[in-house]
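These notes are about the structure you will find just below.
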Amino acid sequence: MQYRTFGKTKERVSALGFGCMRLPVVDNDHNHIDETLATRMIHHAMDQGVNYFDTAWPYHSRSMSDGGSSETFLGKVMEGERRQRVKIATKFPSWLLSRTEDYDTYLNAQLKRLRTDYLDFYLVHAIGAQSWPTLKKLEVGAFLERAKKDGRIRFGGFSYHDTSELFMEVVDHWDWDFCLLQYNYMDVNYQAGRQGLKRAQEKGMGIAIMEPLRGGYLARPLFDEAQKILDDAPTRRSNAEWAFRWLYDDPDIHVVLSGMNTMSNVEENLRIAREGL
């Protein structure tokens, strides 16, 4: 596995990150993780050098307000010696914020669910036009600074799904350690886009990427002209591999998340990560 320095945090993170939003489930029940298979997948990824695991409050839940089973499951499979080998990232549910006390309520609950005394990376989840005014009013930066000082989190960041204009305001609001952006070769001008990525890089932030395949779209056959460009390349690669390699080739990107739900997904992502760097 290849590792990169995660911006100003100076942490060494695997270029491939394991996204825990789409773990395998039983009987198509999104809230019922297939723990036997998911444990094998996660432990195998760890043994092959993946050290960045990303989850969130609502992952594998029936609603955005409920705490899902992803955090609880990850806490079980990361207990003991394995916890010291990984970086755990989870996210504060920004849409549930109504008073300052909510920050501590959710963070403390997440620490308990993940069976850990601290989180390596704590993100404010899905900052956007609806949540940002409340986050500013209730001084999200002051909360993150306090949580860093008392040792509950090591680094504070945010994930983002809104315009590049708002991104510039958010990224300049506080001395964020890192961010998580939707980015792929189709989204260079979408949401934060390349402009936002460059701004985060200028500020020395760690940069993690989600949706490298644009929800699976870039792994499927493209329209004829685009597909022909890939098919005519001297080296034959799958569409998914082209998409991941495009991201791995950017030195400003430190970790690329992949939401894996089969063992073959894990093996293929590991191969692409090794060969694409």
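If you go through the stretch 52-85 and keep only what is of a type in the set (A, V, I, L, M, F, W, C) and open to solvent by 10 Å² or more (accessible area, probe 1.4 Å), you end up with TRP57, MET64, VAL77.
From the set of residues in the stretch 222-248 that are over 22 Å from SER258 (Cβ atoms), in a helix (DSSP H, G or I) and charged (D, E, K, R), which is least open to solvent (accessible area, probe 1.4 Å)? Among those residues, the one meeting the criterion is ASP231. Could you tell me whether THR105 is assigned to a helix (DSSP H, G or I), free of Cβ contacts under 8 Å to residues at least 60 places away in the same chain, open to solvent by 40 Å² or more (accessible area, probe 1.4 Å) and touching a Leu at 6+ places or on another chain (Cβ under 8 Å)? For THR105, the condition - assigned to a helix (DSSP H, G or I), free of Cβ contacts under 8 Å to residues at least 60 places away in the same chain, open to solvent by 40 Å² or more (accessible area, probe 1.4 Å) and touching a Leu at 6+ places or on another chain (Cβ under 8 Å) - is not met. Being open to solvent by less than 20 Å² (accessible area, probe 1.4 Å), under 24 Å from LYS148 (Cβ atoms) and not hydrophobic (A, V, I, L, M, F, W, C), is that true of even one residue in the stretch 35-51? Looking through the stretch 35-51, at least one residue is open to solvent by less than 20 Å² (accessible area, probe 1.4 Å), under 24 Å from LYS148 (Cβ atoms) and not hydrophobic (A, V, I, L, M, F, W, C).
For the residues GLY196, GLY157, GLY151, the requirement of being in a helix (DSSP H, G or I) and of a type outside the set (S, T, N, Q) singles out GLY196. Any residue at all in the stretch 45-56 that's part of a helix (DSSP H, G or I), out of contact with any His (no Cβ under 7 Å at 6 or more places or on another chain), of a type outside the set (A, V, I, L, M) and under 19 Å from ARG113 (Cα atoms)? Checking the stretch 45-56: not a single residue is part of a helix (DSSP H, G or I), out of contact with any His (no Cβ under 7 Å at 6 or more places or on another chain), of a type outside the set (A, V, I, L, M) and under 19 Å from ARG113 (Cα atoms). Restricting attention to the stretch 1-34, and to residues there that are among the aromatic types (Phe, Trp, Tyr) and buried (at least 18 other Cβ atoms within 10 Å of the Cβ), which single residue is farthest from the chain's Cα centre (by Cα)? Once the filter is applied, the top-ranked residue is PHE6. Within the stretch 152-173, residues that are farther than 12 Å from ILE127 by Cα have Cβ atoms under 9 Å from residues that are open to solvent by 10 Å² or more (accessible area, probe 1.4 Å) and part of a strand (DSSP E or B) in these pairs: ARG154/LYS87, counting only partners at least 6 apart in sequence or on another chain. Taking the conditions (1) in a loop (DSSP other than H, G, I, E, B); (2) open to solvent by less than 10 Å² (accessible area, probe 1.4 Å); (3) farther than 26 Å from LYS87 by Cα in turn, LEU218 satisfies each one other than (1). Going through the stretch 165-187 one residue at a time, which ones are more than 18 Å from the chain's Cα centre (by Cα) and over 24 Å from LEU119 (Cβ atoms)? The answer is GLU165, LEU166, MET168, GLU169, ASP172, MET186. Just one of the numbered conditions (1) open to solvent by 70 Å² or more (accessible area, probe 1.4 Å); (2) touching a residue at least 40 places away in the same chain (Cβ under 8 Å) is not true of ASN184: (1).
The values are calculated or read from the model by the stated rules, or taken from the named source; none is laboratory data. Since we're looking at a predicted model, the values are computed, not measured. As a convention, Cβ positions derive from the backbone with ideal geometry for all residues, glycine included, and neighbour counts pool all protein chains shown. Each accessible area value is taken on the protein alone, full model and side chains, heavy atoms only, with ligands, DNA and RNA left out. Shrake-Rupley method; radii C 1.70, N 1.55, O 1.52, S 1.80 Å.
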